[in-house]
1. So which chymotrypsin sites (Phe, Trp or Tyr not before Pro) in the range 148-189 pass both tests, a DSSP loop state and at most 11 other Cβ atoms within 10 Å of the Cβ?
2. Using the Karplus curve 6.51 cos²θ - 1.76 cosθ + 1.60 with θ = phi - 60°, work out ³J(HN,Hα) for each residue of the range 103-117 in order, rounded to whole Hz, and write x for Gly and Pro.
3. For a quick size check, give me the Cα extents of the range 18-173 along its three principal axes, largest first, whole Å.
4. For the range 68-135, what relative contact order do you get, as a whole percent, if you take Cα pairs closer than 8 Å and at least 6 residues apart?
Amino acid sequence: MGTTWFKESRYAWIGLGSLWIIGFIGALTRFSLSFFQVQISTDLQISRGFISMAWSTNLFIVAVCAPLGGWLADRYGTKKILMLSAILSTLGTGIVVLGHHPIVFFIGYGVISGLAGIGATTSYILMFEWFRHHRAKAMALLASASSVGLAIITPIFVSVDWLTWKNAFMASFILGVCVTLPVIWLGIKSSQQKNTEKAPSDRSIEVEGQDILPRVAP
């Protein structure tokens with residue numbers, strides 16, 4: 001039974017591991033906003049309604065950008081859109097933690113992090129590109145990343161009193177720069193890249209399994 005796992009290419013599992021790491025790190029931002037609402041409200045002198053409005057704006061922009069991201073992925077390649085999404089998400093998190101102002105918080109989390117929604121469909125596209133025999137298993141493993149992330153992150157921040165929302169957002173920003181972006185660059189490969197690598201080096205034309213070479217006059 002174990003040998004059936006090797007029906008997929010080794011790179012498919014490497015890519016899945018890369019996406020799992022990205023999903024695990026992404027759970028930190030979700031946790032930060034939900035757990036530290038009172039602390040954020042006090043530090044920035046804003047109401048929870050304002051925080052909820054930023055959250056709702058984020059979700060709305062994500063929903064609008066999701067189909068746009070699918071179109072862009074078809075046009076420019078999945079990896080490029082995934083990288084752009086990660087850059088926007090990291091940038092939005094950095095703006096939130098570095099800009100101590102309600103409007104900056106709204107722009108960073110509500111708008112810029114929402115624009116990262118263009119990468120919402122890229123993971124599913126890559127799963128269908130990479131996996132043929134174990135697609136359901138791969139999707140289930142990928143879906144577990146966020147839950148495992150929350151399960152590990154929550155007790156850490158709950159038990160350590162001195163950790164604040166700024167620490168959480170800063171950790172998310174640093175992990176985005178130092179882990180997420182390099183993992184996408186090195187660990188994700190779209191079908192367009194694989195097709196380019198598999199392209200023959202010679203310029204012979206193959207028709208019906210035979211190479212047509214230029215004829216040489218006798």
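1. Working: sites: 157, 162, 165, 169, 173, 185; in loops: 162.
Answer in residue order: 162.
2. 5, 5, 4, 5, 5, x, 8, x, 9, 5, 5, x, 4, 5, x
3. 50, 32, 22
4. Numbers: 70 pairs, mean separation 27.9, N = 68.
Here the relative contact order equals 41 percent.
Coordinate-derived values only; no laboratory data. The shown structure was predicted, so the numbers you read here are calculated from the model rather than taken from an experiment. Every residue, glycine as well, gets a Cβ built from its backbone with ideal geometry; the counts of neighbours run over all protein chains shown.
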